[in-house]
């Protein structure tokens with residue numbers, strides 16, 4: 001692992017601070033402990049899975065500036081396990097501790113509109129989308145994109161939460177309730193045959209490792225099973241991996257990134273979203 005400030009390796013016995021105490025944080029903790037590092041977790045849940053495996057935990061909300069500052073002071077390197085991290089709090093300590101992933105990756109991936117805009121601007125195929133802040137925006141977006149479509153909050157949602165599928169105008173009242181939560185994005189519906197993902201890793205020297213395409217099967221909007229390699233045509237697998245490598249380079253990635261795709265029934269591969277993972 002290298003640092004964002006000096007690009008030097010941290011040494012065994014030093015401390016990795018992780019914001020987020022879920023399953024990804026736990027897996028990173030297991031690997032870090034095996035390699036001889038100490039691990040400090042910040043998470044509001046005192047019984048979080050990563051905290052149980054780590055050397056210590058700071059129990060506090062992700063946006064708690066004092067707690068983030070303490071984490072930075074007690075860590076030799078700082079990372080985060082998912083997107084629902086307070087960006088301003090992380091930026092406030094970026095000059096105090098080494099953050100290999102940096103903060104720009106988080107700024108892009110934690111906001112669906114910024115993420116889709118980044119992907120489109122870099123030539124990646126995505127579903128048609130539009131920013132939606134009120135009912136007038138929604139009506140204009142529907143006229144542009146059509147139905148069915150999916151209305152999502154720009155921040156905070158996961159596992160199918162904070163989103164509404166709009167099949168017909170009868171679904172608009174549910175959309176009105178979602179708009180009350182803040183900035184949203186309307187995305188066109190992709191008629192897909194498979195949901196897939198690719199994990200890509202990249203270091204500061206620009207060396208890239210791309211893993212096999214995973215076919216993901218969901219139940220009730222939650223991942224239930226992954227099949228590797230994905231049961232999709234070789235051309236689609238190659239396209240997904242090439243897209244993942246392009247995204248990693250465009251982000252100047254240092255660490256691990258999950259890139260989620262839809263394989264449309266038309267045979268086209270669409271980037272759905274990006275998922276940060278601790279390096």
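Determine the equivalent ellipsoid of the chain by diagonalising the alpha-carbon gyration tensor, then write out the semi-axes as square roots of 5 times the eigenvalues, largest first, rounded to whole Å. All intermediate terms of the calculation are to be shown ahead of the outcome.
Working: eigenvalues 220, 102, 57 Å².
For the chain, the ellipsoid semi-axes come out as 33, 23, 17 Å.
Please sort 238-246, 176-184 by packing, taking for each peptide the average over its residues of neighbouring beta carbons within 10 angstrom, highest first.
Peptide ranking by packing, descending: 238-246, 176-184.
Work the Kirkwood hydrodynamic radius out for the range 129-188: mean of 1/r over every pair of different alpha-carbon atoms, inverted, in Å.
11.0
Sticking with the crude label model, points 7 Å out along Cα→Cβ, report the distance from residue 65 to residue 34 in nm, one decimal please.
Going from the residue 65 label point to the residue 34 one covers 4.0 nm.
With 10 angstrom as the radius, rank 68, 145 by how many other C-beta atoms surround their C-beta, starting from the fewest.
145, 68
If you average the alpha carbon positions of the range 167-190 and of the range 196-211, how far apart do those two centres end up, in angstrom?
Going from one Cα centre to the other spans 34 Å.
Could you compute the FRET efficiency for residue 14 and residue 174, with r as their C-beta to C-beta distance and R0 at 41 Å, rounded to 0.05?
Approximately 0.25, to the nearest 0.05.
Using only Cα atoms, tell me the angle between helix 135-145 and the longest principal axis of the chain; keep it within 0 to 90° and round to the nearest 10.
Taking the Cα atoms of the chain, the angle to 135-145 is about 70 degrees.
So how tilted is helix 112-121 from the main axis of the chain? Cα-based, degrees 0 to 90, rounded to 10.
The helix 112-121 is inclined about 80 degrees to the chain.
Using just the helices of the chain, give the 222 nm mean residue ellipticity in deg cm²/dmol: DSSP H runs with n ≥ 4 each add -39,500 (n - 2.57), and the total is spread over all residues, rounded to 500.
-8500 deg cm²/dmol
Rounded to the nearest 5, what is the percent of antiparallel bridges among the DSSP beta bridges in the range 1-134?
Bridges in the range 1-134 that DSSP calls antiparallel: roughly 5 percent.
If each Cα of the range 87-141 is one equal point scatterer, what is log10 of I(q)/I(0) from the Debye formula at q = 0.14 Å⁻¹?
Once normalised to I(0) and log-transformed, intensities are -0.54.
Over the C-alpha atoms of the range 15-100, what are the Rg and the largest Cα-to-Cα span, Dmax, in Å?
Taking only Cα atoms of the range 15-100, I get Rg and Dmax of 11.3, 32 Å.
Note down, for the range 135-258, the three equivalent ellipsoid semi-axes (square root of 5 times each alpha carbon gyration tensor eigenvalue), biggest first, whole angstrom.
They are 32, 18, 14 Å, listed largest first.
To the nearest 10 degrees, how steep is helix 23-34 against the longest Cα principal axis of the chain, on a 0 to 90 scale?
30
For the chain, what is the percent of antiparallel DSSP beta bridges, rounded to the nearest 5?
Here the share of antiparallel DSSP bridges comes out near 75 percent.
So between residue 222 and residue 183, what do we pick up on full extension, going 0.36 nm a residue minus the alpha carbon distance?
Residue separation times 0.36 nm, minus the Cα-Cα distance, leaves 11.6 nm.
Every number in this text was worked out from the coordinates using simple rules, so none of it is lab data. Everything numeric here is computed off the predicted structure, so don't read it as measured data. Glycine gets a Cβ as well: all are built from the backbone with ideal geometry, and neighbour counts include every protein chain shown.
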